[in-house]
1. Quick one: is residue 93 more than 17 Å from residue 12 (Cβ to Cβ) and under 15 Å from the mean Cα position of the chain (by Cα)?
2. So residue 88 fits all but one of (1) assigned to a strand (DSSP E or B); (2) among the polar types (S, T, N, Q); (3) within 21 Å of residue 116 (Cβ to Cβ); what number is the exception?
3. Just checking, how many residues over segment 52-70 are without any contact (Cβ under 8 Å) to a residue 40 or more places away in the chain and either open to solvent by 50 Å² or more (accessible area, probe 1.4 Å) or over 24 Å from residue 119 (Cβ atoms) (or both)?
4. May I ask you to list the residues in segment 61-79 that are outside any strand (DSSP E or B) and not hydroxyl-bearing (Ser, Thr, Tyr)?
5. Within segment 105-124, work out how many residues are open to solvent by 100 Å² or more (accessible area, probe 1.4 Å) and either among the aliphatic types (A, V, I, L, M) or in a strand (DSSP E or B) (or both).
6. Could you figure out which of (1) over 22 Å from residue 115 (Cα atoms); (2) surrounded by fewer than 15 Cβ atoms within 10 Å (Cβ to Cβ); (3) in contact with an Asp or Glu (Cβ under 9 Å, 6 or more places away or on another chain) isn't true of residue 6?
7. Mind checking which residues of segment 20-40 are of a type outside the set (Ser, Thr, Tyr) and more than 14 Å from the chain's Cα centre (by Cα)?
8. Name the single residue, out of those in segment 1-60 being part of a strand (DSSP E or B) and touching a Ser or Thr at 6+ places or on another chain (Cβ under 6 Å), that is modelled with the lowest pLDDT.
Amino acid sequence: MWVDARGSTVIPSPECIRLLAVTAKDGGIGRLGVPTDQAPVVIPVNFTLHDDQILVRVGTGFFSQAADGHLVAFEVDHVDSDAGMAWSVLARGLATLIESPTEVEFAAAPHPLVPEPGDMVLVVRPDILTGRRFEVGRGL
């Protein structure tokens with residue numbers, strides 16, 4: 001176990017993947033950050049993990065075009081105030097837009113909470129995975 005300079009326990013990559021998978025299975029929300037000419041844009045998204053890659057359903061428009069072919073950041077976290085513990089996982093990697101997903105790819109992607117979900121799949125390859133686990137005050 002490695003503890004960083006701020007007292008957080010560093011989470012190994014296999015555990016980061018497990019935490020992403022559990023969060024996706026439980027219907028958790030992640031945040032996807034994409035680059036733009038002005039400033040990065042971050043939005044909350046439903047996601048799944050398929051073949052150790054992050055899948056997000058998207059529609060046509062600004063966000064899907066801004067992400068496609070670029071390096072993006074994807075983050076999930078969890079706070080358990082009763083246990084006094086929290087964790088955060090950050091995945092950084094190349095995003096690829098599948099404009100005409102196969103039935104398997106489409107079925108693997110989550111059904112977003114938004115009223116009119118898109119019919120494309122954005123795949124984020126988690127090239128760099130980092131995670132931290134740390135204590136938090138109880139009763140937050």
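The values are calculated or read from the model by the stated rules, or taken from the named source; none is laboratory data. All values reported here derive from a predicted model rather than from experimental measurement. Every residue, glycine as well, gets a Cβ built from its backbone with ideal geometry; the counts of neighbours run over all protein chains shown. Quick note on the areas: whole protein, heavy atoms, side chains included, nothing else; ligands and nucleic acids left out. Shrake-Rupley method; radii C 1.70, N 1.55, O 1.52, S 1.80 Å.
1. Details: more than 17 Å from residue 12 (Cβ to Cβ): yes; under 15 Å from the mean Cα position of the chain (by Cα): yes.
Criteria met by residue 93.
2. All conditions pass for residue 88, except number (3).
3. So the answer is 4.
4. At the first step, the residues of segment 61-79 found to be outside any strand (DSSP E or B) are 61-70.
Correct list: 61, 62, 63, 65, 66, 67, 68, 69, 70.
5. Result for segment 105-124: 1.
6. Among (1) over 22 Å from residue 115 (Cα atoms); (2) surrounded by fewer than 15 Cβ atoms within 10 Å (Cβ to Cβ); (3) in contact with an Asp or Glu (Cβ under 9 Å, 6 or more places away or on another chain), residue 6 violates only (3).
7. Answer for segment 20-40, where residues must be of a type outside the set (Ser, Thr, Tyr) and more than 14 Å from the chain's Cα centre (by Cα): 35, 37, 38, 39, 40.
8. Of everything passing the filter in segment 1-60, 3 is modelled with the lowest pLDDT.
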